[in-house]
Amino acid sequence: AQSVTQLDSQVPVFEEAPVELRCNYSSSVSVYLFWYVQYPNQGLQLLLKYLSGSTLVKGINGFEAEFNKSQTSFHLRKPSVHISDTAEYFCAVTEVVGADGLTFGKGTHLIIQP
Amino acid sequence: DAMVIQNPRYQVTQFGKPVTLSCSQTLNHNVMYWYQQKSSQAPKLLFHYYDKDFNNEADTPDNFQSRRPNTSFCFLDIRSPGLGDAAMYLCATSEERLAGTDTQYFGPGTRLTVL
């Protein structure tokens, strides 16, 4: 079984400042890693995913994440945030073999302050 | 353009009164999933269908059932809702079973209130 920990339930950031949302995972097998964003009153939307290869993954809306196997982390970053980035961000994992659904973290609420 | 549609967006039911939540998709995907998301918690997978093949998670309560009459529709039935079943219910689809290589597309969710 796997688990995901998002250490910060809320992250307040000023507009145009950089941000990092932290994600750590635990699994006894190889996993794929994802970040999803949920805007108010909307469904989850895939930001980016790590399957294999380069550990730095670029996604939509200027976000990127880096897979660190030794630290079992997959932190999400953006160099300059906008008001429109205000949303809930979920980190998720699934096993490379045999799994069908996603295991999510509890989410981090990104609050952009003008 | 809506790809995964959930109806209704808000549902209120009474304690013990059966309720059905609906999900439909225009993507013609093989796999449909139901997740439960309680307040301030992570979405939790309840079950999924791969075509007509139903797959229940081990810890999903018996109170929760699902039906998939065709490729486009999937229903979540809660036979006797308790107060603890109040949550957001998310439907998702993917083209194939391997969630790693296929993106899951989520609907907007149905928020269930149990009185």
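Counting GluC sites (Glu not before Pro) as exposed when in a DSSP loop with at most 16 other beta carbons within 10 Å, what is the longest stretch of chain A free of them?
Details: sites that count: A:E15, A:E16.
The segment A:17-114 is the longest one with no such site.
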- Evaluated over region A:3-113, the Cα radius of gyration and Dmax, each in Å: 13.3, 42
- Message: Restricting to Cα pairs below 8 Å that are 6+ residues apart, what does the relative contact order work out to for chain A? Please round to a whole percent.
- Response: 38 percent
- In whole percent, how big is the carbon plus sulfur part of the accessible area of chain A, probe 1.4 Å, protein atoms only? 51 percent
- Task: Considering only DSSP beta bridges where both residues belong to the protein assembly as shown, give the percentage that are antiparallel (nearest 5).
- Result: 90 percent
- Task: Taking a cut-off of 16 Å between Cα atoms, list the aspartates and glutamates near A:K69, but don't count ones fewer than 8 places away on the same chain.
- Result: A:E95
- Task: Among the trypsin sites (Lys or Arg not before Pro) in region B:37-115, which ones are in a DSSP loop with at most 10 other Cβ atoms within 10 Å of the Cβ? Mind listing them?
- Result: B:K52
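Can you give the net charge of the other residues whose Cβ lies under 10 Å from the Cβ of A:H82, counting K and R as +1 and D and E as -1? Spell out each step's value before the answer.
Working: positive: A:K78; negative: A:E15, A:E16, A:D85.
Local charge sum for A:H82: -2.
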- Over all residues in A:101-109, what is the mean tally of Cβ atoms on other chains that come within 10 Å of each residue's Cβ? 6
- Kirkwood Rh (inverse of mean 1/r, distinct Cα pairs), region B:4-95, angstrom: 13.4 Å
- For B:N70, the net charge from surrounding residues (Cβ-Cβ under 15 Å; K, R +1; D, E -1) works out to +1
- Message: So for region B:16-115, averaging the separation of alpha carbon pairs under 8 Å that are six or more residues apart and normalising by length, what relative contact order in percent results?
- Response: 34 percent
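What's the average, rounded to a whole number, of partner chain beta-carbon atoms within 10 Å of each residue's beta-carbon in B:34-43? Each step should come with its number before you reach the end.
Values: counts 1, 4, 0, 6, 0, 0, 4, 4, 12, 12.
Taking the mean over all residues of the peptide, I get 4.
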- Task: Compute the accessible area per residue over chain B, keeping the other protein chains in place, probe 1.4 Å, unit Å².
- Result: 48 Å²
- In region A:6-114, what trypsin sites (Lys or Arg not before Pro) fall in a loop by DSSP, with at most 10 other Cβ atoms inside 10 Å? A:K69
- Note on the structure: Per-residue average of other protein chain Cβ atoms inside 10 Å, peptide A:34-40 -> 2
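The values are calculated or read from the model by the stated rules, or taken from the named source; none is laboratory data. Because the structure is predicted, anything quoted here is derived from the model rather than measured. No Cβ is skipped: glycine too gets one built from the backbone with ideal geometry, and neighbour counts run over all protein chains shown. Protein only, heavy atoms only, side chains kept; ligands, DNA and RNA dropped before computing areas. Shrake-Rupley method; radii C 1.70, N 1.55, O 1.52, S 1.80 Å.
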